[in-house]
Structures are given as C-alpha cells and as structure tokens.
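Structure, as structure tokens:
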C-alpha cells in the first residue's frame, strides 16, 4: 500500500512539476527530474547541500565544479561550471514533504546558461544525478526517479559517473 501511495504521489507531482515548458524563444539545454524518497525532506535537503559543498572542495574532475548559491529548508540553488569555464548551468532542487507517507518529493532542474544545442548528451541530467548518487540518496528507502526525454533533453544519451 505504501508503494502505491508513493507511486501516486510521484505521478501527481510529475505532471505538475514537468508541465512547465521553457519560455518561448528559450534555447537552452535543460533537464527536469522528480525523485521520491521515504525519508523526510530535511534529511534529503541536508545530504544534497553537503554533497554540493563536498564537490566544490574537490579539484580535477568536471562533475565536481559546483558552487552552492543558497539553501533553505524548501530549496537549494547551485551552479555548475565546466573545468574549462566554458559551460555553465543553474541547478535548483525543491523539496516538498509528502503528507501521507512522511517522505519527500524532490523536483530538480538544471539549465544551461549559454546558447548551446538543446541536446547536451545528458550533461544537465548528470549534474542532478551525480549529486543524488554521490550523496547516497539512490540507496535511500523509497527512492524512485521520474523523468523522460521530453522533460530532460539528452536523458537517453546520459552516461553519468556515480
């Protein structure tokens, strides 16, 4: 029954969070993903923020060039910059408690800042996934991911390191 409730919350949240399309005339690669966790949002939020800070302290790897911009109990904003400084993306995580299960629904987005091909070979997806995976959240109870090629351009081509 708990799995059914989690799945229902996931699908309801998916249609709400993924229905917003980029503004007309916007030509930036982007990715939107939705995750469900059985753990409280405060726990998930803390792990994501700590992972962004840990990645910002590392040198020598492209996926580690993150900078935490702001963190509140309901959202986290960060930036990712390629090692050569050419590519830059804005990242946001929004945390919404699931009342019925006591878990957390996380809506995340990564958007490239420069004019690039809309198909980024999964770069924006990996920006999000690498943070979630490195923080251990993909092993959390109730972990479910929902995204697709429409919400996350280049999703099928993504080859993320975790």
Check your understanding: When residues of region 113-140 are filtered for being on the phi > 0 side of the Ramachandran plot and modelled with pLDDT of 85 or more, how many remain?
Key -> 1
Practice item. Take region 12-58 and flag every residue that is surrounded by 14 or more Cβ atoms within 10 Å (Cβ to Cβ), over 20 Å from residue 158 (Cβ atoms) and at pLDDT below 55. Key: 13
Review point. In region 139-159, how many residues are touching a helix residue (DSSP H, G or I) at 6+ places or on another chain (Cβ under 9 Å), in a loop (DSSP other than H, G, I, E, B) and either touching a residue at least 40 places away in the same chain (Cβ under 8 Å) or surrounded by fewer than 16 Cβ atoms within 10 Å (Cβ to Cβ) (or both)?
Key: 11
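The values are calculated or read from the model by the stated rules, or taken from the named source; none is laboratory data. If you're wondering where the values come from, they're calculated on a predicted model, not measured in any experiment. All Cβ positions, glycine included, derive from the backbone under ideal geometry; neighbour counts span all protein chains shown.
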